[in-house]
1. Using only alpha carbon pairs under 8 Å that are at least six residues apart, calculate the relative contact order of the chain and give it in whole percent.
2. Please list, or write none, the lysines whose alpha carbon is within less than 16 Å of the alpha carbon of Lys10, excluding same-chain residues fewer than 8 places away.
3. Whole-Hz ³J(HN,Hα) for each residue in the stretch 133-141, computed from phi via Karplus 6.51 cos²θ - 1.76 cosθ + 1.60 with θ = phi - 60°, x for glycine and proline: what do you get?
4. When the convex hull of the C-alpha atoms of the stretch 1-87 is computed, what volume per residue in Å³ does it have?
5. Show me the ranking of peptides 67-80, 6-19, 37-50 by mean Cβ neighbours inside 10 Å, starting with the highest.
6. Counting only Cα atoms, I'd like the Rg/Rh figure for the chain, Kirkwood definition for Rh.
7. Given charges of +1 on the Cβ of Lys and Arg and -1 on the Cβ of Asp and Glu, with all other atoms neutral, how large is the dipole of the stretch 1-87 about its Cα centre, in debye to the nearest 20?
8. Using the Cα centre as the reference, give the magnitude of the dipole from point charges on the C-beta atoms of the chain (Lys, Arg: +1; Asp, Glu: -1; all else neutral), rounded to the nearest 20 debye.
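What follows is calculated from the coordinates using simple rules that are stated; it is not laboratory data. Please read these numbers as outputs of a predicted model, since none were measured by experiment. Here the Cβ is made from the backbone with ideal geometry for all residues, glycine too, and neighbour counts use every protein chain on show.
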Amino acid sequence: MKTHFLFPNKFKILGWILFIPSLLTFMLASIFKLDIDKYLNIKVFAIYQESIGQKPGFFKIIEDSFSYELITILIIIGGLFICFSKLKNEDEYTSKIRYESLVWATYFNYFLILFFTLFLYGMPFLKVIVYNVYTLLIFFMIRFHYMIYKLNKTSNDDE
């Protein structure tokens, strides 16, 4: 079966290597309120920047901490590799499970956004929106791998 838009299976391992440490770093920094902005200060190109004490402007080279940006990049790339790498035995049924898991994760993710929009305000709401950058991939990853686990368990039970 031809699988469009999926990475080769070996990308899944690389995805886990990128995803787990960066997600743990992000979670620990969030839970323990660690200031990782003081690390990895480099000059970066900004399409637009507006900081306290600086004149806002377009297309500037600024000095900024690249810590959270790096963590975000690693979580997203790792998550994409995990979620969208072929399985060793990719067939039409696993493609169906992949599709259904993506739809389910999207519905669930936006249901949570609607819920928190109605019942959460201020900084807690802003934190939910920040975490939302990762949640669609995480919900998809959990549901897809759970459904594949169930499929493998039932096929092993049948044997």
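1. 27
2. Lys86, Lys88
3. Each residue of the stretch 133-141 in turn: 4, 9, 5, 4, 4, 5, 4, 4, 4 Hz.
4. On the way: hull volume 10.6 nm³, N = 87.
Spread over its residues, the Cα hull of the stretch 1-87 gives 121 Å³ apiece.
5. Details: 67-80: 17.6, 6-19: 15.9, 37-50: 11.6.
Output ranking for 67-80, 6-19, 37-50: 67-80, 6-19, 37-50.
6. Details: Rg = 19.4 Å, Rh = 18.3 Å.
Rounded to two decimals, Rg over Rh is 1.06.
7. Values: 9 positive and 6 negative charges, 93 e Å.
Once rounded to the nearest 20, the dipole reads 440 debye.
8. Computed about the Cα centre, the dipole is about 160 debye.
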